[in-house]
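The values are calculated or read from the model by the stated rules, or taken from the named source; none is laboratory data. These numbers come from a predicted model, not from an experiment. Using ideal geometry, Cβ is built from the backbone for each residue, glycine included, and neighbour counts are taken over all protein chains shown.
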Amino acid sequence: MRNRRRGGPLRTRLPLFIGATLVVVCAAMALTTVLAQRAYLLGGLDDQVTDAAESCLDGARPRPGRTADLSFPAASGRPAGLLAARLDADGDILSAAVVGQDAAVRTLTADQRAALTGLKADGSRHTRTVPGLGTYRITALDADGIRVLAGLPRKDVQDLIGGLVRIEAAVAVTGLTVAACVCAVVIRRQLRPLGRVAATAVVVSRAPLCRGEATGLTRVPERDADPGSEAGQVGAALNRMIDHVESSLTERRRTEERMRRFLADASHELRTPLASIAGYAELMNRGTDRIEPVLAWRRVSAESARMTGLVEDLLLLARLDEGRPLHSAEVDLAALVTEAVWNARAAGDGHVWRLELTPDGGPALVMGDEARLRQVVANLLANARLHTPAGTTVVAAVQVADGRCAVRVRDDGPGIPPGLLPRVFERFTRADASRTRAGGREGGSGLGLAIAAAITTAHGGHIGVESVPGHTEFKVELPMPLTAATGHSIISRPALDQPVPRR
């Protein structure tokens, strides 16, 4: 209805607009031509009238043996329809005649003579309608007291102008009709790709995008997406928009899936300690002898600490996602990693721990939150300890090169499964699909690597992983406040290889 109120679709309105423009242009050209031709023909007629008046004036001069009468119009060479008259000093007509088609001279009647009165013999041209004779172009001249009036009919000029108008009108109508047909065909053909683009847009608009079904959306064909034409530019832009819509909806679907999995994992992780706490509390309320109160309180305290740690980890991730600024100060990564390795050695004395530093690279100083960076290194070392068997060698290295400081944690354990490697930094990602650990082995909640990645990103750094059986390496790169020289020599700390005496 909107297209109808505004005159129809573009393919209909555009030919009409072009046709109307052509009509206006042709009408202006025809009118200009007619007016110019009319002025030219009337100018020629005025010149003929002046020549005829001068000829009549010469013929009216008295000559020996001839009286001053109107015999001069009958002279040979006078055009048919020539009107001539003799005037007195007051401008009144003394006698008047007209030359007929057969060159016969006819005297004008009183009514015809009355139409010629009131003309001054000053050579100006006038247009008068003479009854029975038609419209004349007339002038009057005065020479030595002899006054004559001469005029020629405008009929020939009017007929010529009328014929010219009819011819131009016919040619204009024919030309406009042909031009309109050609324009309509060309415009429809040129707008045909735009119509297909519009049809594609309609199909895409009817797709159930609200349900997240963004795969396999219709695209504009390549022939209609050529940027060399305006319609092609529209088609290419529509294809890019559809690509963006698909990628956005796909990412949204992935985000929703991750959120659902995150909520399920978080709910399970919170439900497990809550169930333990509720069970031990129930046993204590019953006063049963099957469990000691001290052991019950210890289990309740352990599960509470586990749940508190999980909530704190989730809160930390939420704050990092919001982009809250971290505390920033100068941090010595070499000292931080050294301390973290000593702590990891104390917690996992069944592993072989090594530390490698690069003294030639300069001080490993970065700007950041020391507590959070310590948490990154601790999480990487804990991940190596928890997911590798006893006797595995874990090496923590600090390197400085090209203005960046890198912390590498590698081990010679079994490696990360290939299917898990692309999403190892996602939240609640664990090698064991179930939420229980085989053999009762200690395990985390699956947030350690996700927290490490979020903290590294918040510090403007990058974290990556490479893993094959027998070699797994995590690499954390952080920008340094000052560019340091590249270091190559490695100092190994074998003292850390020695087992820690058990207390």
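Among the residues of segment 201-217, those identified as modelled with pLDDT of 75 or more and either under 18 Å from Arg189 (Cβ atoms) or surrounded by 15 or more Cβ atoms within 10 Å (Cβ to Cβ) (or both) are Ala201, Val204, Ala207, Leu217. Of the residues making up segment 126-149, those that are touching a helix residue (DSSP H, G or I) at 6+ places or on another chain (Cβ under 6 Å) and buried (at least 17 other Cβ atoms within 10 Å of the Cβ) are Val130, Arg137, Thr139, Leu141, Val148.
From the list Leu35, Leu31, the one residue that fits, being loosely packed, with under 12 Cβ neighbours inside 10 Å, in a helix (DSSP H, G or I) and either modelled with pLDDT of 85 or more or out of contact with any Gly (no Cβ under 6 Å at 6 or more places or on another chain) (or both), is Leu35.
When His462, His471 are checked against the criterion of being modelled with pLDDT of 90 or more and under 16 Å from Leu333 (Cα atoms), His462 stands alone in meeting it.
For (1) modelled with pLDDT under 90; (2) surrounded by fewer than 14 Cβ atoms within 10 Å (Cβ to Cβ), each residue gets a yes or a no:
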| residue | (1), (2) |
| --- | --- |
| Gly323 | yes, yes |
| Ser328 | yes, yes |
| Val337 | no, no |
| Ala340 | no, no |
| Gly348 | yes, no |
| Leu355 | no, no |
| Thr358 | yes, no |
| Pro363 | yes, no |
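When you check Arg240 against the structure, is it surrounded by 14 or more Cβ atoms within 10 Å (Cβ to Cβ), modelled with pLDDT of 75 or more, of a type in the set (Lys, Arg) and assigned by TED's automatic domain parsing to the domain that holds Thr218, yes or no? Answer is no for this residue.
Every residue, every condition in (1) small (Gly, Ala, Ser); (2) closer than 17 Å to Ile455 by Cβ, yes or no:
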position: Trp297; (1), (2): no, no
position: Leu316; (1), (2): no, yes
position: Gly323; (1), (2): yes, yes
position: Ala334; (1), (2): yes, no
position: Val337; (1), (2): no, yes
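Pairs meeting the criteria (first residue in segment 228-243 and part of a helix (DSSP H, G or I), second residue of a type in the set (Gly, Ala, Ser) and modelled with pLDDT under 85, beta carbons under 7 Å, at least 6 apart or on different chains) are Gly232/Ala225; Gly235/Ala225; Ala236/Ala225; Leu238/Ala201; Asn239/Ala225.
Could you check, for segment 486-494, whether at least one of its residues is within 16 Å of Ala334 (Cα to Cα), surrounded by fewer than 12 Cβ atoms within 10 Å (Cβ to Cβ) and either at pLDDT 50 or above or of a type in the set (A, V, I, L, M) (or both)? Looking through segment 486-494, at least one residue is within 16 Å of Ala334 (Cα to Cα), surrounded by fewer than 12 Cβ atoms within 10 Å (Cβ to Cβ) and either at pLDDT 50 or above or of a type in the set (A, V, I, L, M) (or both). Pairing residues of segment 94-110 that are farther than 14 Å from Gly151 by Cβ and modelled with pLDDT under 80 with residues that are of a type in the set (S, T, N, Q) and loosely packed, with under 15 Cβ neighbours inside 10 Å, at Cβ distances under 9 Å and at least 6 apart in sequence or on separate chains, gives Ala103/Ser76; Val105/Ser71. Note on segment 97-214: no enclosed strands (runs of 3 or more DSSP E) hold 3 or more residues that are in contact with a Cys (Cβ under 7 Å, 6 or more places away or on another chain). Among the residues of segment 131-166, those identified as within 60 Å of the chain's Cα centre (by Cα) and among the β-branched types (Val, Ile, Thr) are Ile161, Val165.
Residues in segment 317-334 that are among the aliphatic types (A, V, I, L, M) and in contact with a Leu (Cβ under 9 Å, 6 or more places away or on another chain): Leu317, Leu320, Leu326, Val331, Leu333, Ala334.
Can you tell me how many residues within segment 108-129 are closer than 22 Å to Gly43 by Cβ and not hydroxyl-bearing (Ser, Thr, Tyr)? Full working, then the answer.
Step one: list which residues in segment 108-129 are closer than 22 Å to Gly43 by Cβ, which gives 119-129.
Cutting the leftovers down to not hydroxyl-bearing (Ser, Thr, Tyr) gives us 119-123, 125-126, 128.
Here the count works out to 8.
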